[in-house]
1. Using θ = phi - 60° and the Karplus form 6.51 cos²θ - 1.76 cosθ + 1.60, what ³J(HN,Hα) does each residue of segment 235-247 get, whole Hz, x for Gly and Pro?
2. Work out, step by step, the length gained on full extension between Leu289 and Glu61: first 0.36 nm times the residue separation, then minus their alpha carbon distance; give nm to one decimal.
3. Taking H as built 1.01 Å from N, whose amide H comes closer than 5 Å to the amide H of Leu130, not counting residues under 5 places away?
4. In debye to the nearest 20, how big a dipole does the chain give about its Cα centre with +1 on each Lys and Arg Cβ and -1 on each Asp and Glu Cβ?
5. Taking the inverse of the average 1/r across all pairs of different Cα atoms in segment 225-294, what Kirkwood radius in Å do you get?
6. Kirkwood Rh over alpha-carbon pairs of segment 181-264, then Stokes-Einstein at 37 °C and 0.692 mPa s: what D in µm² s⁻¹, rounded to an integer?
7. With respect to the cross-link table entries Lys98/Lys178; Lys98/Lys197; Lys98/Lys180; Lys162/Lys334, which display a Cα-Cα separation exceeding 23 Å?
8. Excluding same-chain residues fewer than 8 positions from Lys37, which lysines have a Cα within less than 27 Å of its Cα?
Amino acid sequence: MDTGFIDHKKIYDYLDNTKPPDTKEVNDILERAKELKGISFEESERLLVVEDRDHLESIFETANYIKEEIYGKRLVLFAPLYVSNLCNNECLYCAFRKTNTMIPRRTLTQEEIKREVEALVSQGHKRILLVSGEGLGKSVLDYTVKTIETIYSVKVGKGSIKRINVNIAALDVEGYKKLKEAKIGTYQLFQETYNYKTYKEMHRSGPKSDYLYHLTAMDRAMEAGIDDVGVGILFGLEDYRFEIMALLQHIDHLENKFGIGVHTISVPRIEPATGSDVSLHPPYNVDDLSFKKILAILRITVPYTGMILSTRESAKMRKEALSMGISQISAGSKTSPGGYSEQKALEQFSLGDHRSLDEVILDIASMGYVPSFCTGCYRLGRTGNDFMDLAKPGLIKHYCLPNALTSFAEYLVNYGSLQTQNVGWELIGKMLETIPGESIRNKTGHNLEMIRQGATDLYL
């Protein structure tokens with residue numbers, strides 16, 4: 001059993017033989033966390049075995065403090081774009097699995113993709129996650145590159161997609177080089193579960209059943225020059241404590257080898273999927289309290305890493321998750337090819353939040369969060385190490401809030417409902433006053449006025 005750089009024995013030994021930390025140890029770790037430098041992975045493992053409710057509340061409060069200090073009230077929005085549900089894998093938790101005959105199969109043509117993007121842009125989206133099942137074989141890369149070209153070419157009024165993150169099957173190094181040349185944002189690929197035995201049980205056949213090839217995909221992506229990579233775990237397949245400890249080993253491996261860890265971490269919980277018994281009865285169900293513990297510990301451990309929450313979660317949980325450390329959410333999502341323009345195909349999994357983009361924006365703006373569609377860092381080359389060099393000393397905040405406000409203002413002018421406009425402009429006015437530095441504050445105010453007059457795509 002070759003598990004690569006994931007040391008299963010070390011994880012099991014720790015979980016089997018470790019007692020929870022006492023109050024003093026928990027408080028010491030959390031005080032160090034508030035220095036905004038992250039905590040050691042060993043300290044994170046200590047927090048993972050915390051069960052005491054008072055200690056958990058302290059962890060949650062610390063995560064919220066870190067989120068506010070680093071990210072403020074910004075929340076990045078995006079939508080997934082599913083272009084194919086063909087798949088050669090037999091993943092027991094997924095509706096797209098090869099032998100499932102309960103959903104119609106389809107790969108969108110470029111014209112159909114154009115219509116999907118037009119629908120997304122017409123809602124106000126600027127960022128999308130391009131997702132494809134693993135059924136296109138050797139043609140997947142050429143198809144994906146062509147799809148990226150199509151997406152970037154779509155213009156609806158003043159709107160267009162500015163950043164495309166990509167979630168497709170693991171590639172070789174040459175494949176990742178071609179993907180980078182296509183001007184992607186972040187490359188995402190989820191391990192689903194790091195436990196080798198569980199992984200083999202859940203991935204019965206197909207290319208994805210190769211544990212090591214899948215696990216080392218980020219190595220090949222980074223070797224190809226992609227410096228923004230995103231990982232994820234499908235919580236519910238294995239003990240979440242095992243998964244987090246393995247995830248930290250993965251991050252440590254990448255940091256040691258390439259000098260930088262992951263750009264984002266996605267945290268989906270397994271949801272019912274058509275034709276999947278596993279999704280109806282997860283082997284390791286993660287309750288809401290444990291889920292918040294996962295979010296909080298990740299935020300405390302890797303404070304400058306983006307954390308993504310999908311519309312799998314209910315509106316209630318998504319609200320609670322914002323204070324736990326989530327920095328990006330999907331909104332108005334469809335998980336079927338053609339779902340935005342046709343509204344008829346079956347989803348990959350059940351969604352918990354069915355609200356429209358505008359409804360989500362109104363809700364989070366009413367809570368005091370600034371919806372952000374900003375893509376300035378990516379377009380100006382502030383990625384990978386360059387981004388972290390600005391993020392860790394706190395300098396990235398000089399760009400983030402101003403750019404969030406101007407991108408939000410552009411949404412309000414061109415797409416927002418009257419109610420959302422009223423709430424949004426009031427919030428923008430309040431947040432503008434909080435920008436430190438008169439020069440940046442004045443520049444932001446100028447950009448906001450230009451947007452009111454019809455300008456678009458203004459950022460620092």
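Each reported figure results from applying straightforward, stated rules to the coordinates on display, with no laboratory input. All values derive from a computational prediction rather than experimental measurement. Don't worry about glycine lacking a Cβ; one is built from the backbone with ideal geometry, like all the others, and counts go over all protein chains shown.
1. Coupling constants for segment 235-247: 5, x, 7, 8, 3, 4, 5, 4, 4, 5, 5, 5, 4 Hz.
2. Full extension of this stretch gives 80.7 nm more.
3. When sequence neighbours closer than 5 places are left aside, the close amide H contacts are Leu81, Asn165, Val166, Asn167.
4. Here the size comes out at about 1380 debye.
5. It is 13.5 Å.
6. 245 µm²/s
7. Numbers: Lys98/Lys178 27 Å; Lys98/Lys197 21 Å; Lys98/Lys180 29 Å; Lys162/Lys334 19 Å.
Long pairs (Cα-Cα over 23 Å): Lys98/Lys178; Lys98/Lys180.
8. By straight Cα distance, Lys37 reaches Lys10, Lys19, Lys24, Lys67, Lys73, Lys257, Lys292, Lys293, Lys319, Lys392, Lys397.
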